[in-house]
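Below is one structure, written out as structure tokens; comments come after it.
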Amino acid sequence: MEKADTLIIGARLIDGTGAPAVERDVAVRDGRIVAIEAPGGLSGWSADEVFDAQGKVLAPGFIDVHTHDDTHVIRSPQMMPKITQGVTTVIVGNCGISASPVTLKGDPPDPMNLLGDAAAFRYPTFAAYVDAVNAARPSVNVGALIGHTALRNNQMDRLDRAASADEVAAMRAQLEEALDNGALGLSSGLAYGSAFNAPPEEVQALAEPLAKAGALYTTHMRTEFDAILDAMDEAYRVGRHARVPVVISHLKCAGPSNWGRSTEVLKSLETTRDGQPVGCDCYPYNRSSSTLDLKQVTGDIDITITWSTPHPEMAGKLIREVADEWKVSQQEAAQRLQPAGAVYHNMSEDDVRRILSHPATMVGSDGLPNDPLPHPRLWGAFPRVLGHYARDTALIPLEEAVRKMTSLSARRFSITERGEVKVGFHADLVVFDPERVRDAATFAKPEQAADGIDAVWVNGVLTYREQAVTGARAGRFVARGAASKLDAQGAF
Ligand code: ZN
Ligand code: CU
């Protein structure tokens, strides 16, 4: 008689590759998937635990490719916002900001402050960060990118200029240390003031060590507004120069004058994909969120304040309301609120649907775990795609929704043996109810666990069940694996 730690019986298996759901029983032992059989095929097996998944979907645990959980995985290792969604792996270090390697001279510059205050930055090397993650034993696995802005801030006296050749060399040395210790790649945040004056050549030079390591480049582009096509070209050029895959972060058409252009934007992506590996991620909402950017306070969209250091009482109000109350312009109000965080009502739903449904698009939450009134994407992104977009509005088949959160993500980021339900792979698994799964987090009440996520295993360990954590935390740092040979249908 064969023995397993866990048998999951009677599930509709969606394996993550996009293949149609099939009825399967699955056996897990020592953190790995050891058998997948047609119903009844595991009747000769015994197990410590048998999970009846009748009528439910079994899928690979979701991979959140776009997070700012760098310090959260250490400070709050239970990772409630993510485990409750069925997320089993997070990728940190996006948008040019990472918790390591970082040595601060004072306060973290905008937007590194999204990750915490100065005390949160304690990892002068990437190796130190890896040790801290493993010591914290988060409930989810953690892969990491290295932020261009973080490297700039280490090496430069001021961020409103280009880096010198010596500074780029010093940044590269730090990036190489991180790559040697398993970092997945380099991220940039060129729209932010802390990186906006970095010319394309600076990023290209910094990206050069990525190819040898089999790593990739991700970018919060220089603009997501009217000049978005130029910004995309800039991103592709980095990929061509350094011979590395490119992921465009949270692809969107921002600003009313730009609405409806997702067709053009996706056309650019498609044309480029014929010649080089490029893809994108997005979150399933038509509002964005970040620190409060004075450049975006133009009066043509609503902006909700989520936090403000001098005026915490303004959280939840529109900037227009704050301006009225203070009898000043919106620009003046925004200045008085700084430093602050905001939600921008800056996308059209048609564009969101078009970008999310494109086969090259992965799901990433871009959640901001340190925000006291976080955008609901932090707690809701994955179940919202499964419930609202795949089921309720039939944007994409459920199998395709799952692929965008699992195998596509794992292959792109070279996270090996995860992202599929396959014999030999790590047992990162989620069981959810396809009829009930839905996001509960709203803009007004964002910190709410999703409905319909029945069970989550991380590395074979049951971590979440019946809307409660088990207390077990089995996540670990995941190093970059060998770059996958991208298949013909374009894993990228
Ligand atoms: Zn970003
Ligand atoms: Cu981001």
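The values are calculated or read from the model by the stated rules, or taken from the named source; none is laboratory data. Treat the numbers as computed from the prediction; the structure is a model and nothing was measured. With ideal geometry, Cβ positions are generated from the backbone for all residues, glycine too; neighbour counts draw on all protein chains shown.
Table for the structure above
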| quantity | calculated |
| --- | --- |
| Considering residues of the range 377-389 that are surrounded by 24 or more Cβ atoms within 10 Å (Cβ to Cβ) and away from ligand 2 (no atom under 15 Å from the Cβ) only, the residue farthest from the chain's Cα centre (by Cα) | Gly387 |
| Those residues of the range 25-41 which are part of a loop (DSSP other than H, G, I, E, B) and without any contact (Cβ under 8 Å) to a residue 40 or more places away in the chain, in sequence order | Ala38, Pro39, Gly40, Gly41 |
| Matching option when the condition is farther than 23 Å from Met232 by Cβ and either away from ligand 1 (no atom under 16 Å from the Cβ) or surrounded by fewer than 18 Cβ atoms within 10 Å (Cβ to Cβ) (or both), among Thr298, Thr309, Thr271 | Thr309 |
| Some residue of the range 196-216 being closer than 21 Å to Asn346 by Cβ and of a type outside the set (A, V, I, L, M) | yes |
| Selected residue (criterion: nearest to Val478 (Cα to Cα)) from residues of the range 93-116 that are within 12 Å of ligand 1 (Cβ to nearest atom) and under 15 Å from the mean Cα position of the chain (by Cα) | Gly93 |
| Residue count for the range 441-475, restricted to those that are crowded, with 19+ Cβ neighbours inside 10 Å and under 21 Å from the mean Cα position of the chain (by Cα) | 14 |
| Residue in the range 361-373 that is nearest to ligand 1 (Cβ to nearest atom), counting only those that are in a loop (DSSP other than H, G, I, E, B) and crowded, with 24+ Cβ neighbours inside 10 Å | Asp366 |
| Residue match in the range 171-186 (condition: within 16 Å of ligand 2 (Cβ to nearest atom), part of a loop (DSSP other than H, G, I, E, B), of a type outside the set (Ser, Thr, Tyr) and assigned by TED's automatic domain parsing to the domain that holds Thr88) | yes |
| Criterion: hydrophobic (A, V, I, L, M, F, W, C), closer than 20 Å to Gln78 by Cα and outside any strand (DSSP E or B) - qualifying residue of Ala479, Ala474, Ala410, Ala401 | Ala474 |
| Tabulated pairs, the range 55-69, first farther than 17 Å from Val385 by Cβ and among the polar types (S, T, N, Q), second in a strand (DSSP E or B) and modelled with pLDDT of 95 or more, C-beta under 6 angstrom, 6+ apart or interchain | none |
| Residue in the range 30-39 that is of a type outside the set (Ser, Thr, Tyr) and touching a helix residue (DSSP H, G or I) at 6+ places or on another chain (Cβ under 9 Å) present | no |
| Helices (runs of 4 or more DSSP H) wholly inside the range 66-170 containing at least 2 residues that are out of contact with any strand residue (DSSP E or B) (no Cβ under 8 Å at 6 or more places or on another chain) and either of a type in the set (A, V, I, L, M, F, W, C) or buried (at least 20 other Cβ atoms within 10 Å of the Cβ) (or both) | 72-75, 126-136, 148-155 |
| Scan of the range 274-295 for residues that are within 16 Å of ligand 1 (Cβ to nearest atom) and either among the aliphatic types (A, V, I, L, M) or over 27 Å from His68 (Cα atoms) (or both), ordered by number | Leu292 |
| Matching residues in the range 65-101 - criterion: being more than 14 Å from ligand 2 (Cβ to nearest atom) and in contact with a His (Cβ under 6 Å, 6 or more places away or on another chain) | none |
| Residues that are without any contact (Cβ under 8 Å) to a residue 60 or more places away in the chain and either farther than 26 Å from Ser414 by Cβ or among the aliphatic types (A, V, I, L, M) (or both), drawn from the range 192-204 | Phe196, Asn197, Ala198, Pro199, Glu201, Val203 |
| Near pairs, Cβ below 7 angstrom, 6+ apart or cross-chain, from the range 215-227 (of a type in the set (Ser, Thr, Tyr)) to any residue that is in a strand (DSSP E or B) and near ligand 1 (Cβ under 9 Å from one of its atoms) | Thr218/Ser187; Thr219/Ser187 |
| Where Ile355 falls short, out of the listed (1) within 16 Å of ligand 1 (Cβ to nearest atom); (2) in a helix (DSSP H, G or I); (3) closer than 22 Å to Thr71 by Cα | (3) |
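For every residue, the table says whether it meets (1) outside the structural domain of Gln174 (by TED's automatic domain parsing); (2) surrounded by fewer than 19 Cβ atoms within 10 Å (Cβ to Cβ); (3) within 15 Å of ligand 1 (Cβ to nearest atom); (4) of a type outside the set (Phe, Trp, Tyr).
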residue	(1), (2), (3), (4)
Ala207	no, no, no, yes
Leu216	no, no, no, yes
Leu229	no, yes, no, yes
Ala235	no, no, yes, yes
